[in-house]
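Engineer: Take this structure first; my questions come after.
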Amino acid sequence: MAEIKLAADVRTDFGKGAARRARREGRVPGVIYGHGAEPKHITVDSHALMMALKTSNALIRLEFDGQNELVIPKDIQREAIRRFLVHVDFLAVKKGEKVAVEVPIHVEGDLAPGQHILEHALNSLPIEAEATHIPESVTVSVEGLAAGASVLAKDIVLPKGSSLTVEDDAVVLQVVAAQAEAPAEEAAEGAEGAEA
């Protein structure tokens, strides 16, 4: 995964009023945590950060005050209705360091013929990977699976250097048979016949 470089400014004002001012100026308040260091309070351009976050588990190099910090977003807070960014917590990482993340699951292939429904028990897969080599997603083939089949976490091929942080036998996907409903007219006719 390529690094995304973003300029940041150090924050010295705190509280709701300062956060609102930063957002009005098109900036998102954030905090960098990790490696036992004191948290660093920053702001980042809202649009640039929103674009960077389109990649899940984005590896971001924040540049501020003549220094830079390699981070991944850990907690992203959005406004409930308009979904704009409100606050972001970043985790400081180093090359070679392992981090726990959740990667999206990409499904490919067609289920066996018939009335089958694919249920996602997990929408993302918890893994541990090197901070600079976090996969954007994992791919799972459901080709030919029929009702009753399931895909377990251990069945998913992970990129080299990644490992599961969930039980091997955790169900990720399962195929179920569609429930057939009797048409409403037939149900009504059956009720009338019973009354006669």
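The values are calculated or read from the model by the stated rules, or taken from the named source; none is laboratory data. This is a predicted model, so every value here is computed, not measured. Counting neighbours? That spans all protein chains shown, and the Cβs are built from the backbone with ideal geometry, glycine included. Calculation scope for accessible area: heavy atoms of the full protein, side chains included, ligands and nucleic acids excluded. Shrake-Rupley method; radii C 1.70, N 1.55, O 1.52, S 1.80 Å.
Engineer: Determine the per residue accessible area of region 113-158 with all protein chains present and a 1.4 angstrom probe, expressed in square angstrom.
Structural biologist: 53
Engineer: To continue, here is another question. Given the pairs Lys40/Lys74; Lys94/Lys154; Lys98/Lys160; Lys5/Lys40; Lys94/Lys160, which are separated by over 21 angstrom at their Cα positions?
Structural biologist: Listed pairs above 21 Å: Lys94/Lys154.
Engineer: Rg/Rh for the chain: what does it come to with C-alpha atoms and Rh from Kirkwood?
Structural biologist: Numbers: Rg = 23.7 Å, Rh = 20.1 Å.
That ratio equals 1.18.
Engineer: Still on this structure, please answer the following. Treating only the Cβ of Lys, Arg, Asp and Glu as charged (+1, +1, -1, -1), what charge dipole size does the chain show about its Cα centre? Round to the nearest 20 debye.
Structural biologist: Computed charge dipole of the chain: roughly 1780 debye.
Engineer: In debye, nearest 20: dipole of region 1-117 around its Cα centre with unit charges on the Cβ of K, R (+) and D, E (-)?
Structural biologist: 420
Engineer: Please report, as a whole percent, how much of the solvent-accessible surface of region 1-158 comes from carbon and sulfur atoms (probe radius 1.4 Å). Display every interim value, and only then the final one.
Structural biologist: Numbers: 4230 of 8820 Å².
Of all accessible area on region 1-158, carbon and sulfur atoms account for 48 percent.
Engineer: Any idea which of His106, Thr43, Val88 is furthest toward the positive side of the dipole for the chain, if Lys and Arg beta-carbons carry +1 and Asp and Glu beta-carbons -1?
Structural biologist: Of the options given, the answer is Thr43.
Engineer: Next question, about the same structure. Can you work out the PRE-style zone for Ala18? Point 7 Å along Cα to Cβ, and I want the residues of region 30-64 with backbone N under 17 Å.
Structural biologist: 30-33, 38-45
Engineer: Mind running the shape call on region 68-119? Use the C-alpha gyration tensor, a ≥ b ≥ c as the square roots of the eigenvalues: rounded below 1.5 for a/c, prolate if a/b tops b/c, oblate otherwise. It would help to have the intermediate numbers written out before the result.
Structural biologist: Details: a/c = 4.80, a/b = 1.68, b/c = 2.87.
Verdict is oblate for region 68-119.
Engineer: So for each of 19-29, 124-134 I average, over its residues, the number of other beta carbons within 10 Å; can you give me the resulting order with the highest mean first?
Structural biologist: My ranking of the peptides, most packed first, is 124-134, 19-29.
Engineer: Now, a different point. If R₀ is 35 angstrom, what is the calculated FRET efficiency for the pair Glu136 and Glu38, using the beta carbon separation as r and rounding to 0.05? Write down the numbers at each step before the final one.
Structural biologist: On the way: r = 32 Å, r/R0 = 0.90.
The formula returns an efficiency of 0.65 here.
Engineer: Moving on to the next point. Please determine, in degrees from 0 to 90 and to the nearest 10, the orientation of helix 184-195 with respect to the longest principal axis defined by the Cα atoms of the chain, where the helix direction is its Cα long axis.
Structural biologist: Value to nearest ten degrees: 40.
Engineer: Rank these by accessible area, largest first, 1.4 Å probe: Phe64, Phe14.
Structural biologist: Order by accessible area, largest first: Phe14, Phe64.
Engineer: Any chance you could run the full-extension gain for Leu152 through Asp65? It's 0.36 nm times the residue separation minus the Cα-Cα distance, nm to one decimal.
Structural biologist: Working: separation 87, 0.36 × 87 = 31.32 nm, distance 4.67 nm.
Extra length available between Leu152 and Asp65 comes to 26.7 nm.
Engineer: May I ask for the net charge around Ala100, where only other residues with Cβ less than 14 Å from the Cβ of Ala100 are counted and Lys, Arg are +1 while Asp, Glu are -1?
Structural biologist: Residues near Ala100 contribute -3 overall.
Engineer: Tell me, what ³J(HN,Hα) does each residue in region 125-136 have, in order and in whole Hz, if you take phi through Karplus 6.51 cos²θ - 1.76 cosθ + 1.60 with θ = phi - 60° and put x for Gly and Pro?
Structural biologist: 9, x, 9, 10, 9, 5, 3, 8, 9, 6, x, 6
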